[in-house]
Amino acid sequence: MANQYAVIGLGRFGISIAQKLFESGQEVLGVDVNEERVEDSHSFVTHAVIADSTDAEALKSIGIRNFDTVVVAIGNDIQASILTVLLLKELGVKRVIAKALNKLHGQVLDKVGADWVVFPERDMGMRVAHQLLSPKVLNFIEISKNYSVEEVKIPESMIEKTLRELDLRARFNLSVIAIRHEDEINISPSPDKIINHGDVLVVIGENRYLEKFANIE
Ligand code: ADP
């Protein structure tokens, strides 16, 4: 069954969230105080309304409490973003996700009840730096402070060897959970699997070992 989402603030961040949810078949209500932004949003939301989300009556009349998840994607108006989150939680919205511009903004959003605070610029900046430091890492997910899953391009020196020969578990304390070749994915590959040119290993382990592995030539 489709979930019901509302996205408040149809700027670049709000639009990309709304669009992805809508394309995945979810019901998405777009809300913005700016009429033009609402008019331009019809191709990627189920419904769109003009409303000021800092106005409790306006939120009530949209029936905002009936939405499972509300994303507050208001850009630079920190005051409006904080007030909106506060009102949404007071009105009983179960899950409120809010975008923070900086650390202090994030702390306040936490205090007024946001269930998940996201820092798009900070997170994207960190990803870009990570990529610059380890060009072989195509993608990564942090699973705790010290552990991650990474997609790593295979170093030249490892081509045509088997996983058993590479012995990444003993050498780097890393587990190979999949091997990707373009769009084909081999889940839980056998130890006799030969690594070919262009293969990407999906590995899990401690960050310091992942970093060592990703810097092998
Ligand atoms: P981005 O950096 O994601 O592009 P913007 O600042 O361009 O962010 O967009 C934020 C959107 O939030 C704008 O379309 C703006 O009209 C909308 N917005 C700001 N304040 C409110 C409010 N109180 N209620 C509803 N929408 C708002």
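The values are calculated or read from the model by the stated rules, or taken from the named source; none is laboratory data. Since the structure is predicted, the reported quantities are computational estimates derived from the model, not experimental observations. All Cβ positions, glycine included, derive from the backbone under ideal geometry; neighbour counts span all protein chains shown. SASA here: full protein model, heavy atoms, side chains in, ligands and nucleic acids out. Shrake-Rupley method; radii C 1.70, N 1.55, O 1.52, S 1.80 Å.
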Filter segment 71-97 down to residues that are within 12 Å of the ligand (Cβ to nearest atom) and not in a helix (DSSP H, G or I) and give me whichever is most open to solvent (accessible area, probe 1.4 Å).
76
Tell me, which strands (runs of 3 or more DSSP E) wholly within segment 1-50 include 2 or more residues that are over 26 Å from residue 121 (Cα atoms) and touching a residue at least 12 places away in the same chain (Cβ under 8 Å)?
47-50
Inspect segment 54-61 for any residue being surrounded by fewer than 21 Cβ atoms within 10 Å (Cβ to Cβ), at pLDDT 95 or above, in contact with a Ser or Thr (Cβ under 7 Å, 6 or more places away or on another chain) and farther than 24 Å from residue 123 by Cβ and give the result as yes or no.
yes
Restricting attention to segment 192-217, the residues that are open to solvent by 70 Å² or more (accessible area, probe 1.4 Å), part of a loop (DSSP other than H, G, I, E, B) and more than 19 Å from residue 148 (Cβ to Cβ) number exactly 3
Answer yes or no as to whether residue 60 is in a helix (DSSP H, G or I) and either within 11 Å of the ligand (Cβ to nearest atom) or under 24 Å from the mean Cα position of the chain (by Cα) (or both).
no
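May I ask you to say which residue of 117, 108 is among the aliphatic types (A, V, I, L, M) and open to solvent by 40 Å² or more (accessible area, probe 1.4 Å)? I'd like the intermediate steps shown before the answer.
Values: 117 fails: open to solvent by 40 Å² or more (accessible area, probe 1.4 Å).
When all the criteria are applied, what remains is 108.
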Collect the residues in segment 151-191 that are assigned to a loop (DSSP other than H, G, I, E, B) and either open to solvent by 80 Å² or more (accessible area, probe 1.4 Å) or among the aromatic types (Phe, Trp, Tyr) (or both), keeping them in residue-number order.
160, 161, 173, 182, 183, 188
Check on residue 132, modelled with pLDDT under 95 and open to solvent by 30 Å² or more (accessible area, probe 1.4 Å):
yes
So, in segment 11-50, exactly how many residues are closer than 16 Å to residue 81 by Cα, under 18 Å from the mean Cα position of the chain (by Cα) and among the hydrophobic types (A, V, I, L, M, F, W, C)?
1
Out of all the residues in segment 78-100, is one or more over 18 Å from the mean Cα position of the chain (by Cα) and modelled with pLDDT under 95?
no
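Let's see how each residue does on (1) open to solvent by 90 Å² or more (accessible area, probe 1.4 Å); (2) among the acidic types (Asp, Glu); (3) over 16 Å from residue 98 (Cα atoms); (4) within 15 Å of the ligand (Cβ to nearest atom):
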{"site": "3", "(1), (2), (3), (4)": "no, no, yes, no"}
{"site": "9", "(1), (2), (3), (4)": "no, no, no, yes"}
{"site": "13", "(1), (2), (3), (4)": "no, no, no, yes"}
{"site": "17", "(1), (2), (3), (4)": "no, no, no, yes"}
{"site": "20", "(1), (2), (3), (4)": "yes, no, yes, yes"}
{"site": "24", "(1), (2), (3), (4)": "no, no, yes, no"}
{"site": "40", "(1), (2), (3), (4)": "yes, yes, yes, yes"}
